[in-house]
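Read through the structure below, which is laid out as structure tokens, and then see the notes.
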Amino acid sequence: MTDFDATRAAFHLPADTVYMNGNSLGPLPIAAQSRVADCIKNEWGTMLITAWNKAGWMQQPKKIGNRLARLLGGADGSVVAGDTLSIKVFQALAAALSLAQPGRIRILSDTGNFPTDLYMAQGLVDALGKGLCIDCVAPDAVADALDETVAVLMLTHVDYRTGRMHDMAALTEAAQAKGIVVIWDLAHSIGALDLDLAACGAELAIGCTYKFLNAGPGAPAFIYVRPDLSDQIKPVLSGWLGHASPFSFEQTYTPGMGIDRMRVGTPAILQMAALDAALDVWDSVDLADLRAASVSLSERLIQAIAATCPELILASPKEPSMRGSQVCFSHPEGYAIMQALIAHGIIGDFRAPNIIRFGITPLFQSARDMDHVAKTLGTIMKNRLWDEPKFKVRAHVT
Ligand SMILES: Cc1ncc(COP(=O)(O)O)c(C=O)c1O
């Protein structure tokens, strides 16, 4: 059984704060501070450029990729870390299109997808100039929209606004039965759910590590390629570190073997050090225990808020199996309510137009935290404590 008291102790959590936003930016793992300091002082500071070899910097993206693969249910050598998720969306979609059946022109996604996924897809489609189009249907309509005109199905597993979760295995199977290549964005899934990518059989998956994995702002993203396909992909982002022999400095590009070809340029080593330290916490976590704890905390929060704040409408699915690890409510004054909550030491966030979001992260949250959130929110709603001009001024980041 996972010891969640031990995992809680692994984080720096400010006093008098209940952190309900680990779904957006995870808190600081205590070990990350000394790991990054060590990387700066003893590797960069002392070894200088020799650290690329001596400290194994060059191997970090793949070594960390293997640690991520375990959390994804993927095989060793199927994942590499690096770049940002927006870049990985572009790279994955380009790879998927290169695997797609000739003559198919539709990229199918849904209206709950995160905007950058759709923006990057549009940028790629425009650059390719092959007459491809992106169709976004309602999340519930995806299964019915799968047909032989679709080249690629590109979805985010858990909706960033509502926490609505797709049935990854069923949609992958249905899509592949129609010859469609499948990409999953697992930004809101890795570190939140007990994933089994290998069993699901999707061709590609991508995600970030600054949310549930707690690797820090701007932490590296990752890409998964199903092992039988990685040698077939012709990388569009053909950077030198994805080359078969980067230090031969050849004039022409030859892709590296397997997942190596999905590397692009120089890895962000300080962020990799933070990510590596953040992943240590996961060594003692059973993902089935994590999911069970997440469902239990979510149910408790939903019931408690229904009792204290009847005017808030649940925007997440009621059914736990349809929900990722976040609980969301809608209210026309959602932004001001969240600001009032933050002023009371409870940090969640807001997504336009009217969604109050709470991330559920059993690694460092307790049942008592859920009760405290519901009670404080009840006080704020009952006394209209949100109804102050200072809570209505929109900050740049919401
Ligand atoms: C599903 C999804 N994709 C992409 C992103 C952002 O990508 P990037 O890390 O490049 O900013 C987010 C950010 O929250 C996200 O939720």
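The values are calculated or read from the model by the stated rules, or taken from the named source; none is laboratory data. If you're wondering where the values come from, they're calculated on a predicted model, not measured in any experiment. No Cβ is skipped: glycine too gets one built from the backbone with ideal geometry, and neighbour counts run over all protein chains shown.
Can you tell me which residues in region 171-191 are away from the ligand (no atom under 12 Å from the Cβ) and touching a residue at least 12 places away in the same chain (Cβ under 8 Å)?
Of all residues in region 171-191, those away from the ligand (no atom under 12 Å from the Cβ) come to 171-182, 191.
Within region 171-191, Leu171, Thr172, Glu173, Ala174, Ala175, Gln176, Lys178, Gly179, Ile180, Val181, Val182, Gly191 meet the criteria.
Only one residue in Gly334, Gly345 is modelled with pLDDT of 95 or more and either buried (at least 22 other Cβ atoms within 10 Å of the Cβ) or polar (S, T, N, Q) (or both). Which one? Reasoning before the result, please.
Values: Gly345 fails: either buried (at least 22 other Cβ atoms within 10 Å of the Cβ) or polar (S, T, N, Q) (or both).
Of Gly334, Gly345, the one residue that is modelled with pLDDT of 95 or more and either buried (at least 22 other Cβ atoms within 10 Å of the Cβ) or polar (S, T, N, Q) (or both) is Gly334.
Scanning region 48-90 for residues that are among the basic types (Lys, Arg) and in contact with a strand residue (DSSP E or B) (Cβ under 7 Å, 6 or more places away or on another chain), which turns out surrounded by the fewest Cβ atoms within 10 Å (Cβ to Cβ)? Talk me through it step by step, then tell me what you get.
Restricting attention to region 48-90, the residues satisfying the condition of being among the basic types (Lys, Arg) are 54, 62-63, 67, 70, 88.
Adding the requirement that they be in contact with a strand residue (DSSP E or B) (Cβ under 7 Å, 6 or more places away or on another chain) leaves 62, 88.
Numbers: Lys62: 19, Lys88: 31.
Going through the qualifying residues, I end up with Lys62.
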Selection status of Ala215, touching an Asp or Glu at 6+ places or on another chain (Cβ under 7 Å) and within 15 Å of the ligand (Cβ to nearest atom) = no
In region 214-262, anything surrounded by 15 or more Cβ atoms within 10 Å (Cβ to Cβ), free of Cβ contacts under 8 Å to residues at least 24 places away in the same chain and either in a strand (DSSP E or B) or among the β-branched types (Val, Ile, Thr) (or both) is listed as His243, Pro255
Selection status of Arg394, more than 27 Å from the chain's Cα centre (by Cα), farther than 27 Å from Leu290 by Cα and free of Cβ contacts under 8 Å to residues at least 60 places away in the same chain | no
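How many residues does region 130-142 contain that are within 16 Å of the ligand (Cβ to nearest atom) and either assigned to a helix (DSSP H, G or I) or within 24 Å of Phe212 (Cβ to Cβ) (or both)?
Going through region 130-142, the residues within 16 Å of the ligand (Cβ to nearest atom) turn out to be 134, 136, 139, 142.
Narrowing further to those that are either assigned to a helix (DSSP H, G or I) or within 24 Å of Phe212 (Cβ to Cβ) (or both): 139, 142.
Qualifying residue count for the region: 2.
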Out of curiosity, is Gly112 among the small types (Gly, Ala, Ser), assigned to a loop (DSSP other than H, G, I, E, B) and over 20 Å from the mean Cα position of the chain (by Cα)?
-> no
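Tell me whether region 88-99 contains one or more residues that are among the small types (Gly, Ala, Ser), closer than 18 Å to Val264 by Cβ and either within 14 Å of the ligand (Cβ to nearest atom) or assigned to a strand (DSSP E or B) (or both).
Taking region 88-99 and keeping what is among the small types (Gly, Ala, Ser), we get 92, 94-96, 98.
Now narrow it down to the ones that are closer than 18 Å to Val264 by Cβ: 92, 94-96, 98.
Okay, now just the ones that are also either within 14 Å of the ligand (Cβ to nearest atom) or assigned to a strand (DSSP E or B) (or both), so 92.
The answer is yes; a qualifying residue exists.
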Test set (1) surrounded by fewer than 19 Cβ atoms within 10 Å (Cβ to Cβ); (2) more than 21 Å from Pro235 (Cα to Cα); (3) in contact with a helix residue (DSSP H, G or I) (Cβ under 6 Å, 6 or more places away or on another chain) - Thr116 fails condition number = (2)
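Does Ala100 qualify as being modelled with pLDDT of 95 or more and surrounded by 15 or more Cβ atoms within 10 Å (Cβ to Cβ)? Step through it out loud before you land on a result.
Values: modelled with pLDDT of 95 or more: yes; surrounded by 15 or more Cβ atoms within 10 Å (Cβ to Cβ): yes.
Criteria met by Ala100.
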Within region 143-170, restricting attention to residues that are in a helix (DSSP H, G or I) and surrounded by fewer than 22 Cβ atoms within 10 Å (Cβ to Cβ), which residue is farthest from the ligand (Cβ to nearest atom)?
-> Asp144
